C-alpha cells in the first residue's frame, strides 16, 4: 500500500502525458506516440520546480512499465508465420543487424561515444527502433537520458526513411508490379514499426498494390524483432562478466539477468500455440495495443527525467553514429537483395 501511495503521483503524471500522446501518435504515425510523449515529458519537466513527490512513480513507470511493454510485445509474434514467410529475408536481416552493430562498436571506440548510448543506437538501428531500445535499456542499465537520446536519433532517421524511401525505391528501379522488393527493403532498412508501415503503405498507394508491400514489410520487421532475444541475452552475459570483475566474482544474477525477455518469448509461444489451435490472430490485438501504450507511458517518464538542454549539447556524435548505421544498413540491404536476385 505504501509503495502504491509513493508511485501513484508520478505514474498519474506520466498517464496524463501518455493518453494525448497515444491519440496524436495515431494521427501522425510517422512521428509516433513514443516520440511525442518524450518531447512532452521534456517540456513539462522544465515547468516542475520540485519533483521529489513524483520521482518514485516516474522511476517505476520508466523501468517496470517498460519491461511489461516488452513482454506484451511478444503476443504480436506468431513464430510459425515468421518462420514461414521470413526465411527469404533472413540472410538480409542477419547481415544488416551485424552491419549496424559493427558500425556502432567501431564508432564508439574511435569517437569515444559513451558505450550505453552506442549500444542503444546500434541495437535500435539494426532491430526495431523503439522496441529494441525498450528491451535493451534495462539489460545494460541505461539511464533515462541515454534512452531519450537513442530514441531521438532513431526517430530522426525513421522520419527521413518514411519520407524518402518510396521515391528512392522508384529511382533505383524496384519492381512496381509487386510489393516484394520494396517490402523487404522497408522491413530491413527502416527502424521503427510505424515508419516501416508508413513507407510500405505509401508504396502500395503509389502503385495500387493493395496491401502486398505492407504485409511483406511487416512480416520482415517482425522477423527482425526476434533478434531482441539473442542480443539482450548476450548483453546480459557481458554485463554479468563486467560486474563479476568489478566486484570480485560476487554478482546477484537475479538483478542482472533479463527475465522479462524470457516472458517475451513465452508470450510469443502462447500466441503461436493459440493460433495453431484455431484462435484468430485478432484475439491478441488488444494486448498488442496495450504494449504500444505502455511504451508511450514509459517514454513519458523518460522524457520527464531528461534534461533537454544537455540532450541537445551532447547529441552530435550519436546522430552521426545513427547516420552511419542507417546508411550502412540501407546499402547492405540493397546489395544483398541484388545478390539474391530479389531486385
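For the stretch 150-302, averaging the sequence separation of C-alpha pairs within contact (under 8 Å, six or more residues apart) and dividing by the residue count gives a relative contact order of 16 percent. Can you tell me the 0 to 90 degree angle between the C-alpha axis of helix 228-246 and the longest principal axis of the chain, rounded to 10? Tilt of helix 228-246: around 40 degrees.
Under 10 Å, Cα contacts only: if you run a Gaussian network model on the chain, which one of 132, 236, 37 comes out with the highest mean-square fluctuation? Per the Cα network of the chain with a 10 Å cutoff, 236 tops the list.
Listed from fewest to most Cβ neighbours within 10 Å, the set 268, 62 follows the order 268, 62. For the peptides 64-74, 184-194, residues were scored by their other Cβ atoms within 10 Å and the scores averaged per peptide; the highest-first order is 184-194, 64-74. Rounded to the nearest 0.05, what FRET efficiency is calculated for residue 175 and residue 98 with R0 set to 30 Å and r the Cβ-Cβ distance? After rounding, the FRET efficiency stands at 0.65. Between residue 327 and residue 143, residue separation times 0.36 nm minus the direct Cα-Cα distance comes to 63.5 nm. Per-residue ellipticity at 222 nm computed for the chain from its helices equals -25000 deg cm²/dmol, with DSSP H segments shorter than 4 residues left out and the rest contributing -39,500 (n - 2.57).
Taking all Cα pairs closer than 8 Å and separated by 6 or more residues, the relative contact order of the chain comes to 34 percent. Working from Cα positions, state the angle (0 to 90°, nearest 10) between the long axis of helix 115-126 and the longest principal axis of the chain. So the helix axis and the longest Cα principal axis differ by about 30 degrees. Would you mind classifying the stretch 2-339 by shape? Square roots of the alpha carbon gyration tensor eigenvalues, ordered a ≥ b ≥ c; an a/c under 1.5 is rounded, otherwise it is prolate if a/b is larger than b/c and oblate if not. Note, shape of the stretch 2-339 comes out rounded.
Relative to the dominant Cα principal axis of the chain, helix 180-189 is inclined by about 20°. Which one of 315, 41, 278 has the biggest mean-square fluctuation once the chain is modelled by GNM with Cα springs under 10 Å? Residue with maximal mean-square fluctuation among 315, 41, 278: 278. Between the stretch 213-232 and the stretch 101-134, the C-alpha centres lie 18 angstrom from each other.
Bear in mind that the values in this text are calculations on the coordinates, not laboratory data. None of these values were measured; they are calculated from a predicted model. Every residue, glycine among them, receives a Cβ derived from its backbone with ideal geometry; neighbour counts consider all protein chains shown.
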